[in-house]
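The values are calculated or read from the model by the stated rules, or taken from the named source; none is laboratory data. Quick caveat: nothing in here was measured; it's all calculated off a predicted structure. Methodologically, a virtual Cβ is constructed for each residue, glycine included, from the backbone with ideal geometry; neighbour enumeration extends over all protein chains shown. These accessible areas exclude ligands, DNA and RNA; they are computed on the full protein's heavy atoms, side chains included. Shrake-Rupley method; radii C 1.70, N 1.55, O 1.52, S 1.80 Å.
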2 protein chains.
Amino acid sequence: MTRLTRDSIVTTAIEVIGKHGSEQLSVRRLGEAIDADPTAIYRHFRSKDELLRAIGDRCLIGVTDDLPTTSWRECIRELCIRIRAANLAQPALATLVRGAPPRHDNERRITETILARLGEAGFDSAAAAFAYHALIELTIGSAAIDSSLASEDSAARARIYAEWRSDYAALDAGMFPRSVGGAASLYPGTADDRFAYALDRLLDGLAGTLS
Amino acid sequence: MTRLTRDSIVTTAIEVIGKHGSEQLSVRRLGEAIDADPTAIYRHFRSKDELLRAIGDRCLIGVTDDLPTTSWRECIRELCIRIRAANLAQPALATLVRGAPPRHDNERRITETILARLGEAGFDSAAAAFAYHALIELTIGSAAIDSSLASEDSAARARIYAEWRSDYAALDAGMFPRSVGGAASLYPGTADDRFAYALDRLLDGLAGTLS
DNA sequence: ACCCTTTGTCAACGGTGTTGACATCTGTGT
DNA sequence: ACACAGATGTCAACACCGTTGACAAAGGGT
């Protein structure tokens, strides 16, 4: 590493996250991986928060590329699924979660794409704004909830879900009849399936306001 | 404070959060508020995480009380709004976000209530499970996104939203035409309004699967 | 060759959650 | 009433964390 740049730091930061998990990313650990003094990072980023945002944006690279052009619903659906996947990969950073408006290019492109497709679909700019916020809230929420298990493989996840189902089944049937009775149905499919279902129902509701 | 208990610790912890903000709650600060050695907390909670979960559950007290009985939609709508409000008040802890199944009474009552109303509405247990997860994901996501501004008062929030709108308006109109054109419409109403809109559209979509 | 800005290094500050050893207080059985 | 045992509070310390300021080496422009 002859010379440090914002890009090179972000790159090795993502490597570190991939190896040790995102909550293990500390300035000191990153300094070690980067083979430089930890505080050298502060020559390129004002704070760790700024670094995290840059990492987050890097994860969103290409997220708006080659989206389906068949319909606005298909396009937005695919985009939201990709956003969630990117946020799942790097849970702790959760770029969009900070609530602040996009300050990086990839984030900006997301907003633009969603607003554009909604506009073409017939939403006026007020309705498009509400719809945009609704979609982002659901997408981020799903990522936040599922991120705790994102690092496990699918077999482990299935085992954990089974465990949780039996937790519900073991509740007092007098007090929690529906939880006990429906325990076998909880956590259906994969987390991806559940998100896709929620997203489709939200898109149903949004489409319903058009007619 | 003659004697420390789990309940008394949680109570003063919530006071501290109310006064200094939730991210300012440290074991040492809590120890000061509790007028005891900080480490005394570890006699009652295995870890700070366990304490946070207890605080989270305390915030959900009464969340399932006196819900509307007019319709399943009204009932679930109100419950989700309350859950979000509780999570907004204590952002950092984000009880339900951990993705784990409810381990405390108030959390369990939420699941039971939602499943019960959905069941009565005509959802079979598989559909009810999908709908339950969809509602929780949206509710948590909205809370996560809005929590960063929850500590500001409404005037400050309005000012910040105006700032963000002008950020969008200042983008390159050639590259981001919809963001620039629709900037004035972004962040419409209050965060509560935006969540209510999203929730209503999701409920629309869910109701649509019934017929 | 000069200066000046940028970049990396080092020591340190104030903060965090947590642990282990020690003392004290409290309740129970005899 | 006494002694024992467990629960509870105190204290010092550990291993981290993000961040700052002073200092040295490097690099480019005039």
Between the label point of A:Thr69 and that of the same position in each other copy, find the distances and list them shortest first in nm, with every label point placed 7 Å from Cα along the Cα-to-C-beta direction. 5.7
Got the A:Ser26 label distances to the other copies yet, label 7 Å along Cα→Cβ, in nm, shortest first? 1.5
Rounded to the nearest 20 debye, dipole of the stretch A:6-45 from Cβ charges on Lys, Arg, Asp, Glu: 80 debye
If the convex hull of the alpha-carbon atoms of chain B is projected onto planes in all directions, what is the mean projected area in square nanometres? 15.0 nm²
For the stretch B:6-59, the accessible surface attributable to carbon and sulfur atoms (probe 1.4 angstrom, ligands and nucleic acids excluded) amounts in percent to 45 percent
Take every residue in peptide A:191-202, count the Cβ atoms of other chains within 10 Å of its Cβ, and give the average of those counts. 6
List the distances, in nm to one decimal, from the label point of B:Thr39 to the label points of the same position in every other copy, shortest first, placing each label point 7 Å from Cα along the Cα-to-Cβ direction. 3.0
Residue of chain B whose Cβ sits closest to the axis mapping B onto A, with distance in whole Å: B:Gly141, 1
Divide by every residue of the protein assembly as shown the summed helix terms, -39500 (n - 2.57) for each DSSP H run of at least 4, and state the resulting mean residue ellipticity at 222 nm, rounded to the nearest 500 deg cm²/dmol. -20000 deg cm²/dmol
Which helices, taking whole DSSP H runs in chain A, have alpha carbons extending 30 angstrom or more along the helix axis plus mean Kyte-Doolittle at least -0.5? A:125-146
Size of the B/A contact, given as accessible area buried on both chains, probe 1.4 Å, in Å²: 5000 Å²
Averaged across the residues of A:105-116, what count of C-beta atoms belonging to other chains lies within 10 Å of each residue's C-beta? 4
Treating only the Cβ atoms of Lys and Arg (+1) and Asp and Glu (-1) as charged, compute the dipole magnitude of the stretch B:72-208 about its Cα centre; round to the nearest 20 debye. 120 debye
In terms of the Cα gyration tensor, with a ≥ b ≥ c the square roots of its eigenvalues, is the stretch A:98-211 rounded because a/c is under 1.5, prolate because a/b exceeds b/c, or oblate? prolate
On a straight-distance basis, which lysines could pair with A:Lys48 in a cross-link, Cα separation under 22 angstrom, same-chain partners fewer than 8 positions away excluded? A:Lys19
The rounded separation in angstrom of the Cα centers of the stretch A:46-63 and the stretch B:30-50 is 35 Å
Among A:Ser148, A:Ser47, A:Phe130, whose Cα sits farthest toward the positive end of the charge dipole of chain A (+1 at Cβ of Lys/Arg, -1 at Cβ of Asp/Glu, about the Cα centre)? A:Ser47
Any idea what the dipole of the stretch A:1-150 comes to, in debye rounded to 20, about its Cα centre with Lys/Arg Cβ at +1 and Asp/Glu Cβ at -1? 340 debye
